[in-house]
Amino acid sequence: MARRLGEWILTIAVAAAVVLVCEAEVAKPYRIPSASMEPTLHCAKPTPDCLGGSNDRVIANRLAYRFGSPKRGQIVVFKAPPDASECGTGDGGSTFVKRLIGLPGDRVSERGGFVYVDGRRLSEPYVEPQLRDTRTQSFGRVPAGQYFFMGDDRIFSCDSRTWGTVPRSSLIGRVVLTYWPPDRISIH
């Protein structure tokens, strides 16, 4: 009996260790705290402009950028730059979830609610027409080793248009799965 109990304790300890290592190094869950990624990722009412009844929960692949390069259009979890404090507390604190728009060397601009990279309009089927803003501005060339991010809800997103680019060293991982609530399960 004592041997069987010892085997169970060992099995549970190994399983817990595997889960902790996996979360720390491979895949980590995050929740969506603001309306900046609506309607792709929901935040919860009663927060203004949120469409969901509960915050979407996503899994970020933490190994994605160790073995590959970030690609335009990916949804990325990253450490917010210091100037992101201008966003206030409603946009998620120190970790943000946004869409990658500009790669190193790209020239990013916005005209009449549409984003242009190197003078070519970006196809963005994930941005709802009523969530485009009407700004017209240029952000210049994205520096080497830096990335330009925007939320899918352009009206209510505090993003690189406000606080600038993000260094590659701040990228935590690529969002690969929405797993909660169950009716929102999707692969990204």
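The values are calculated or read from the model by the stated rules, or taken from the named source; none is laboratory data. Just so it is clear, the model here is predicted, and its values are computed rather than measured. Cβ coordinates were reconstructed from backbone atoms using ideal geometry, including for glycine residues, and neighbour counts include every protein chain displayed.
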Any hit, the range 113-130, residues being at pLDDT 90 or above and in contact with a Ser or Thr (Cβ under 6 Å, 6 or more places away or on another chain): yes
Yes/no for P46 being surrounded by fewer than 22 Cβ atoms within 10 Å (Cβ to Cβ) and within 18 Å of D133 (Cβ to Cβ): no
Extreme residue, farthest from the chain's Cα centre (by Cα), among residues of the range 49-84 that are surrounded by fewer than 20 Cβ atoms within 10 Å (Cβ to Cβ) and among the aliphatic types (A, V, I, L, M): L51
Looking only at the range 141-188, and only at residues there that are part of a helix (DSSP H, G or I) and of a type in the set (G, A, S), the one that is surrounded by the most Cβ atoms within 10 Å (Cβ to Cβ): S160
Of the criteria (1) in contact (Cβ under 8 Å) with a residue 60 or more places away in the chain; (2) closer than 24 Å to S69 by Cα, which one D83 fails: (2)
